[in-house]
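The values are calculated or read from the model by the stated rules, or taken from the named source; none is laboratory data. Computed from a prediction, not measured in an experiment: that's the story for all the values here. Note: ideal-geometry Cβ built from the backbone for every residue, glycine included; neighbour counts use all protein chains shown. We work out accessible area using only protein heavy atoms, side chains counted, and drop any ligands, DNA or RNA first. Shrake-Rupley method; radii C 1.70, N 1.55, O 1.52, S 1.80 Å.
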Amino acid sequence: MSTLIKYTANGATEIENSFVHVVDGEPVPQGADIIVSLGRIKAEGEALLASGVRVGVQIEPAEAVEDLAELLPRLALVAVAFPKFRDGRAYTSATLLRQRLGFNGEVRAVGDVLREQAYVMTRCGIDAFVPADGSSAAEWSRAAGHFRHVYQTAADGRTPAYAEPGRR
Amino acid sequence: MYRYDAIDKEFLTDRSNEFRHQVGRRLAGELSEDQFKPLRLMNGLYLQLHAYMLRVCIPYGTLNVAQVRRLAWIARTYDKGYGHFTTRQNIQFHWVKLRDAPDILDALAEVDLHAIQTSGNCIRNTTSDPRAGATAEEIDDPRVWSEAIRQWSTLHPEFSYLPRKFKIAVTASAKDRTAARVHDIGLALRQGRDGTLGFEVMVGGGMGRTPFIGQTIKEFLPATRLLSYLEAVLRVYNRAGRRDNIYKARIKILVSSLGAEEFGRQVEEEWAQIDAARADLPDTELARIRAAFIQPGLEVLPAVSDSYEAARGANPALARFARNNVSAHKAPGYAIVDVSLKAHDATPGDANSDQLEAIADLAERFSLGDIRVTHEQNLVLPHVKQSDLPALFEGLVAVGLATPNINLVSDIIACPGLDYCALANARAIPVAQSIAQRFLDADRAELVGELKIKISGCINACGHHHVGHIGILGVDKKGEEYYQLTLGGSGAEDASIGKILGPGLNADQVAPAVDRLVEVYLAERQGEERFLDTYRRIGMTPFKEAVYVDAH
Ligand code: HEM
Ligand code: SF4
């Protein structure tokens with residue numbers, strides 16, 4: 001089973017992944033926490049959410065995260081997909097989930113998730129990672145926390161340089 | 001000039017340490033070249049035809065004395081003794097070794113320089129007016145806004161993996177020295193009727209294989225709302241820009257496929273949803289940045305310096321230099337001096353370590369320690385007392401940097417071409433030199449007046465050939481180097497894309513063809529017309545006939 005790294009204010013820890021990705025068209029396993037596609041949640045949302053398991057939705061880069069707006073309060077997590085690390089659309093999806101749609105649940109990066117992107121992912125409000133490069137939580141944490149200062153506001157709420165007390 | 005405080009310095013240290021760690025992993029074999037490539041590119045390190053090339057950012061084209069000295073030292077210590085200024089206000093070192101790169105970045109960081117975002121699909125260095133803070137033409141200092149953009153765009157988490165690279169230009173004068181209309185975003189400062197500042201926002205300009213002139217999507221954006229508006233533009237582009245084909249991934253393709261109006265509408269819709277209080281810079285921060293650009297040390301002087309007038313009268317070489325390389329400063333008794341890196345036998349944009357050190361010394365003595373880099377691959381000393389011009393001129397002559405050819409036929413932009421570049425179809429530098437050689441007669445060059453020749457070794461258009469009054473593009477025809485000429489381009493406020501003159505020419509035919517084009521212009525021009533104006537009035541035919549006369 002793949003590692004899941006959870007990132008909080010106290011650092012990164014490896015935790016057990018209880019969620020199963022359900023492929024479109026395949027039956028939902030009984031009793032397991034599930035991650036389904038946007039299409040599936042739109043079609044079968046009520047039934048899935050009523051079944052008593054925790055439900056997450058995976059957003060592909062080309063999909064509009066705004067389509068989830070009404071369902072968000074009932075979702076356990078949103079997975080944002082990086083088919084290739086170079087595809088930066090998920091950064092906007094994650095940012096909008098946090099800043100515009102007010103989602104406080106887990107935002108999980110899945111796909112081509114590499115340590116080199118830990119910093120930008122974290123800043124966009126992504127707080128759970130399924131690394132594709134075998135990174136440990138400690139390595140991930142070091143990469144994400146490398147910079148003592150940031151220059152702009154972002155979904156992680158860090159104080160930008162211009163608002164730091166030491167700015168001259 | 002903006003000075004880095006402890007926060008900016010710590011940021012660069014963190015960045016440099018991170019890269020040293022990554023290079024260590026590469027050299028130890030823990031990272032493959034494939035895995036390492038995106039990391040080195042994020043630090044400006046390219047693999048070129050012969051060696052690694054390091055591209056160093058010169059934020060909005062502004063350098064101080066210590067920085068220029070450090071660049072000279074790096075060129076001497078780690079390169080073959082010279083650096084190459086590019087058309088995007090960067091400097092490149094073409095002969096760097098991988099194991100030296102972390103030390104070079106440390107040496108740069110000590111003087112507040114870096115290579116962050118000089119490559120990759122992110123927001124690159126902001127282009128600005130090399131005369132900022134010195135010219136009376138500007139309605140505000142564009143460096144203030146460029147610095148705001150520098151900070152905002154540095155490791156911007158949402159916009160570090162865009163569909164393609166992204167370049168922003170800020171200009172504040174009617175005369176555009178930034179090529180704003182061929183940037184992804186061009187920002188032109190305007191004064192509103194009520195006296196407030198705003199930007200005309202142009203998007204979707206660019207060159208490469210599908211050149212476009214940027215289109216205005218907002219006539220007047222209140223200046224204090226700049227960052228939220230940029231966020232909206234970048235977000236629309238990040239979501240909707242094409243990622244399936246790198247040749248169609250620039251914002252220009254998105255803007256042209258949606259239409260500027262629809263693109264602008266989507267930006268407005270996004271912008272309306274952004275929380276201004278979070279996204280826009282507070283006035284206090286803008287005031288802090290603005291204060292950093294107030295120029296200390298300008299003296300109150302008479303408008304005319306008698307000693308300079310006398311020296312100019314006595315020395316024809318100084319007089320020629322003054323006519324071509326010296327312009328008016330906003331402060332009486334001062335001048336702006338252009339330093340040409342286009343001596344006729346030089347590689348356009350190259351400066352060796354001795355020259356860089358001389359420039360630093362001269363700037364320290366005569367230009368309040370301020371040095372600028374232009375997108376036309378020249379340097380500017382922005383704050384020179386007229387009474388110092390004769391001494392400065394002598395100092396420039398001594399290091400071969402007094403070529404009096406700014407904006408003239410031999411002030412050519414050329415990319416590295418086949419001499420250095422793995423993508424080239426043809427050489428560019430020798431072609432530039434052959435044209436310069438042909439117009440060695442300085443009186444004739446002055447008679448011809450403003451004529452912008454731009455040469456690219458392939459369709460990527462690093463040499464801006466599309467916007468040359470005469471553009472020259474290297475093409476490969478069955479394994480042979482050929483050159484396609486275009487006429488009528490401009491990267492300035494009257495921006496346009498050049499049109500193809502006719503069949504390609506071989507290397508030997510280019511300089512004679514330019515000569516013929518110039519002869520047609522001299523015969524046809526009216527009044528004060530520049531080459532470009534005459535071309536626009538009389539059209540392609542007379543020029544074409546003159547060049548291809550032998551072919552009939
Ligand atoms: C020597 C190695 C170089 C290589 C391999 C290289 C490669 C490229 C490529 C592939 C592009 C096209 C990117 C695109 O359209 O998205 C490009 C664009 C560009 N390059 Fe270079 N380049 C090199 C050197 C330079 C130099 C020395 C300059 C400055 C003199 C320069 C200035 C530019 C500019 C301004 C553009 C943007 C053109 C546009 O707006 O479309 N490049 N380069
Ligand atoms: S225009 Fe082509 S040949 Fe010239 S530097 Fe760019 S990629 Fe190389």
Quiz item: What number goes with the only condition from (1) open to solvent by less than 10 Å² (accessible area, probe 1.4 Å); (2) assigned to a strand (DSSP E or B); (3) farther than 20 Å from B:THR347 by Cα; (4) not hydrophobic (A, V, I, L, M, F, W, C) that B:ASP8 does not pass?
Solution: (2)
Exercise. Determine, yes or no, whether A:ALA109 is farther than 24 Å from B:GLY120 by Cα, in a strand (DSSP E or B) and open to solvent by less than 50 Å² (accessible area, probe 1.4 Å).
Key: no
Exercise. Only one of these is without any contact (Cβ under 8 Å) to a residue 12 or more places away in the chain and either among the polar types (S, T, N, Q) or within 11 Å of chain A (Cβ to nearest Cβ) (or both): B:ASP5, B:ASP34. Name it.
Key: B:ASP5
Quiz item: Could you list, in sequence order, the residues of the stretch B:256-279 that are in contact (Cβ under 8 Å) with a residue 40 or more places away in the chain and touching an Asp or Glu at 6+ places or on another chain (Cβ under 9 Å)?
Solution: B:TRP271, B:ILE274, B:ALA279
Quiz prompt | Which listed residue, of B:ILE246, B:ILE213, is hydrophobic (A, V, I, L, M, F, W, C), out of contact with any Phe, Trp or Tyr (no Cβ under 9 Å at 6 or more places or on another chain) and open to solvent by 60 Å² or more (accessible area, probe 1.4 Å) | solution = B:ILE246
Self-check item: Selection within the stretch B:380-420 - at pLDDT below 95 and under 12 Å from B:LEU362 (Cβ atoms)
Solution: none
Exercise. Evaluate the following for A:THR122: is it under 19 Å from B:ALA277 (Cα atoms) and either β-branched (Val, Ile, Thr) or crowded, with 19+ Cβ neighbours inside 10 Å (or both)?
Key: no
Quiz item: Within the stretch B:127-144, can one find any residue that is open to solvent by less than 10 Å² (accessible area, probe 1.4 Å) and within 14 Å of chain A (Cβ to nearest Cβ)?
Solution: yes
Practice problem: Name, by its number, the condition in (1) over 15 Å from B:PRO211 (Cβ atoms); (2) modelled with pLDDT under 95 that does not hold for B:VAL518. | Solution: (2)
Quiz prompt | Residue list for the stretch B:87-123, filter: in contact (Cβ under 8 Å) with a residue 40 or more places away in the chain and either within 24 Å of B:GLY198 (Cβ to Cβ) or assigned to a helix (DSSP H, G or I) (or both) | solution = B:LEU98, B:ARG99, B:ALA101, B:PRO102, B:ILE104, B:LEU105, B:ASP106, B:LEU108, B:ALA109, B:GLU110, B:ILE123
Quiz item: Can you name the residue in the stretch B:467-490 that is buried (at least 23 other Cβ atoms within 10 Å of the Cβ) and over 28 Å from B:ASN324 (Cα atoms) and, of all such residues, is nearest to ligand 1 (Cβ to nearest atom)?
Solution: B:GLY474
Exercise. Have a look at B:VAL300, B:VAL399 and point out the one that is surrounded by 17 or more Cβ atoms within 10 Å (Cβ to Cβ) and more than 21 Å from B:ILE58 (Cα to Cα).
Key: B:VAL399
Self-check item: Subset of the stretch B:186-237 (residues that are small (Gly, Ala, Ser) and part of a strand (DSSP E or B))
Solution: B:GLY186, B:ALA188, B:GLY198, B:GLY206
Self-check item: B:GLY208, sole failed condition from (1) at positive phi; (2) touching a Pro at 6+ places or on another chain (Cβ under 8 Å)
Solution: (2)
Quiz item: Residue check: is B:GLN386 within 16 Å of ligand 2 (Cβ to nearest atom) and either surrounded by fewer than 23 Cβ atoms within 10 Å (Cβ to Cβ) or polar (S, T, N, Q) (or both)?
Solution: no
Exercise. Please find, among B:VAL514, B:VAL520, the residue that is surrounded by 18 or more Cβ atoms within 10 Å (Cβ to Cβ) and out of contact with any strand residue (DSSP E or B) (no Cβ under 7 Å at 6 or more places or on another chain).
Key: B:VAL520
Quiz item: Which ones in the stretch B:168-185 are assigned to a loop (DSSP other than H, G, I, E, B) and either within 16 Å of ligand 2 (Cβ to nearest atom) or of a type in the set (Phe, Trp, Tyr) (or both)?
Solution: B:ALA179
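Name the residues in the stretch B:232-247 that are in contact (Cβ under 8 Å) with a residue 24 or more places away in the chain and either more than 17 Å from B:VAL201 (Cα to Cα) or out of contact with any Leu (no Cβ under 7 Å at 6 or more places or on another chain) (or both), would you?
Across the stretch B:232-247, the qualifying residues are B:ALA232, B:VAL233, B:LEU234, B:ARG235, B:VAL236, B:ASN238, B:ALA240, B:GLY241, B:ARG242, B:ARG243, B:ILE246, B:TYR247.
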Quiz item: Can you tell which of B:LEU31, B:LEU27, B:LEU71 is more than 13 Å from ligand 1 (Cβ to nearest atom) and either assigned by TED's automatic domain parsing to the domain that holds B:ARG150 or open to solvent by 40 Å² or more (accessible area, probe 1.4 Å) (or both)?
Solution: B:LEU27
Quiz item: Of all residues in the stretch A:34-52, which are farther than 15 Å from A:GLU70 by Cα and open to solvent by 30 Å² or more (accessible area, probe 1.4 Å)?
Solution: A:ALA47, A:ALA50, A:SER51, A:GLY52
Quiz item: B:GLN92 is checked against (1) within 23 Å of B:ALA169 (Cβ to Cβ); (2) out of contact with any Pro (no Cβ under 8 Å at 6 or more places or on another chain); (3) away from ligand 2 (no atom under 16 Å from the Cβ) and fails just one. What number does that condition carry?
Solution: (3)
Quiz prompt | Elements of type helices (runs of 4 or more DSSP H) contained in the stretch B:272-336, each with 1 or more residues being over 30 Å from B:ALA148 (Cβ atoms) | solution = B:306-314, B:316-325
Quiz prompt | Pairs where the first residue, in the stretch B:63-86, is of a type outside the set (A, V, I, L, M, F, W, C) and the second is open to solvent by 50 Å² or more (accessible area, probe 1.4 Å), C-beta under 7 Å, 6+ apart | solution = B:ARG69/B:GLU357; B:ASP79/B:TRP95; B:LYS80/B:TRP95; B:GLY81/B:ASN352; B:TYR82/B:ASN352
Quiz item: Looking at the stretch B:88-105, which of its residues are under 14 Å from B:GLY44 (Cβ atoms) and either more than 16 Å from ligand 1 (Cβ to nearest atom) or in contact with a Lys or Arg (Cβ under 6 Å, 6 or more places away or on another chain) (or both)?
Solution: B:ASN90, B:GLN92, B:LEU98, B:ASP100, B:ALA101, B:PRO102, B:ILE104, B:LEU105
Quiz prompt | Residue ranges of helices (runs of 4 or more DSSP H) in the stretch B:366-466 with at least 1 members within 18 Å of the chain's Cα centre (by Cα) and within 16 Å of ligand 1 (Cβ to nearest atom) | solution = B:429-438
